[in-house]
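A short worksheet on the structure shown next.
Please treat every number below as a calculation from the coordinates, not as lab data. Small disclaimer: the values here were computed from a predicted structure and weren't measured. Cβ sites come from the backbone with ideal geometry, for glycine too, and all protein chains shown count toward neighbours.
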Amino acid sequence: MPNSLNLKLFASLRISPMITLLIAVMALIFLVVPLQAADNGGRPDPTNPNSVDSALKALKEGNARFANGQSTNPRQDKNLLAKLSQDGQTPLAAVLSCTDSRVPVEKIFDQGFGDLFVVRAAGAVPGIDQIGSLEYAVAYLGVPVILVLSHTKCGAVSAAVGEAKEPGALGELLAKLSPVAKAVEKVDQTKRLEAAIKLSASMFREQVTMTSPVIAAAVKEGRLKVISGVYDIDTGSVEFNE
Ligand SMILES: [Zn+2]
């Protein structure tokens with residue numbers, strides 16, 4: 001009997017390191033991972049090295065380089081993909097832009113992969129999906145700047161000013177531009193579209209902040225600035241409105 005007991009003890013001693021390892025792995029999976037997620041209310045770490053000032057500087061200097069034909073096309077090497085995939089994204093700004101193909105957002109600010117969180121809709125109209133996307137950029141990625149970017153000769157704004165009636169979802173989108181069209185009704189016709197485009201940028205900038213408690217809170221806490229701008233599709237320059 002003593003021999004048999006010794007054998008059983010020996011067997012249990014041989015298994016125990018495996019059990020210990022299993023317990024350690026289980027502990028990592030069930031304890032450490034949820035604890036890490038809970039550190040920030042279950043959200044990914046929004047630590048973003050960019051500040052309001054550094055983001056504005058990067059956007060302005062990048063656009064100046066582009067408009068002057070001196071783009072440096074930074075951070076577009078394919079080797080950067082693996083690093084971004086591993087480290088995650090910390091974009092310097094979120095941009096709500098029109099969908100117009102003449103407004104390639106990263107290019108006009110001379111930025112690269114992982115630099116800009118771009119949300120688009122025709123006319124830069126902030127619908128619920130666009131605002132939700134901007135909220136994600138603020139709450140999860142910690143972007144310090146949201147830029148609402150209209151552009152000259154915008155077809156969507158032009159259609160709204162011309163009171164175009166479109167069926168379906170396009171009609172609903174254009175209806176969101178009708179307050180802009182109404183506000184510029186009395187402006188001289190030769191300047192009406194330009195006025196509407198400028199107004200749409202500033203109006204949507206206000207709308208983004210007013211509609212979203214997440215964005216409004218970040219602005220109030222001083223960790224986010226919402227600005228607007230108009231991109232000139234002829235010169236390549238952005239006129240910023242802070
Ligand atoms: Zn447009």
**³J(HN,Hα) computed for each position of the stretch 64-79 - Karplus, 6.51 cos²θ - 1.76 cosθ + 1.60, integer Hz, glycine/proline x** = 4, 4, 4, 5, 8, x, 10, 4, 9, 6, x, 6, 10, 6, 4, 5
**Message:** Amide H of Leu96 versus every other amide H placed in the peptide plane: which residues, excluding those fewer than 5 positions away on the same chain, fall under 5 Å?
**Reply:** Val119, Leu147, Val148, Leu149
**Prompt:** For Val226, which sequence-distant residues (separation of 5 or more, or a different chain) have an amide H within less than 5 Å of its own amide H, given hydrogens modelled in the peptide plane?
**Reply:** Ile146
**Item:** Zone residues, the stretch 109-145, relative to Ser51, backbone N less than 16 Å from point 7 Å out along Cα-to-Cβ
**Value:** 143-145
**Message:** Please rank Arg102, Arg65, fewest neighbouring Cβ atoms within 10 Å first, as an exposure proxy.
**Reply:** Arg102, Arg65
**Message:** Please report Rg (one decimal) and Dmax (integer) in Å for the Cα set of the stretch 47-241.
**Reply:** 16.8, 54
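What pairs in Lys186/Lys225; Lys60/Lys198; Lys57/Lys225; Lys198/Lys225; Lys176/Lys198; Lys60/Lys182 have C-alpha atoms more than 21 Å from each other?
Pairs exceeding 21 Å: Lys186/Lys225; Lys60/Lys182.
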